[in-house]
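Undergrad: Mind looking over this structure? Questions follow.
Derivation of every value follows stated rules applied to the coordinates shown; laboratory data play no part. Predicted, not measured: the structure shown is a model, and the values here were computed from it. Here the Cβ positions follow ideal geometry from the backbone for every residue, glycine too, while neighbour counts run over all protein chains shown.
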Amino acid sequence: MSRTAHLHVASGYSARYGAALPEVLVQRAAVRGIGALALTDRDTVAGTVHFTKACTAAGIRPLFGAEVAVAPWGGSGPARRARKPVSGGALWWRRGAG
């Protein structure tokens, strides 16, 4: 396995942003010898269970994140404009020292 890790991957759980299911993404990563893969769906973590099971079966280290769209703050209250993606990337969390 490669020490390469792709850190910004959206699955079909990201409405309008990803197409492949987590299992397919993991299969493609395994064929390419990728050792770690991050699932960073937009506004959801719904695919994490499928992603974790697929990564475990393929021997790939799963990493988790989420790209969150937020509305700009208008001072006295939230703005009434459409949500925009966070500039600059994704949010990450880590449990334990693993």
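Undergrad: Could you figure out which of (1) part of a loop (DSSP other than H, G, I, E, B); (2) under 13 Å from Ala5 (Cα atoms); (3) among the small types (Gly, Ala, Ser) isn't true of Ala46?
TA: (2)
Undergrad: Can you tell me which residue within segment 1-46, out of those that are within 11 Å of Ala58 (Cβ to Cβ), touching a Phe, Trp or Tyr at 6+ places or on another chain (Cβ under 9 Å) and of a type in the set (A, V, I, L, M, F, W, C), is surrounded by the most Cβ atoms within 10 Å (Cβ to Cβ)?
TA: Result: Val26.
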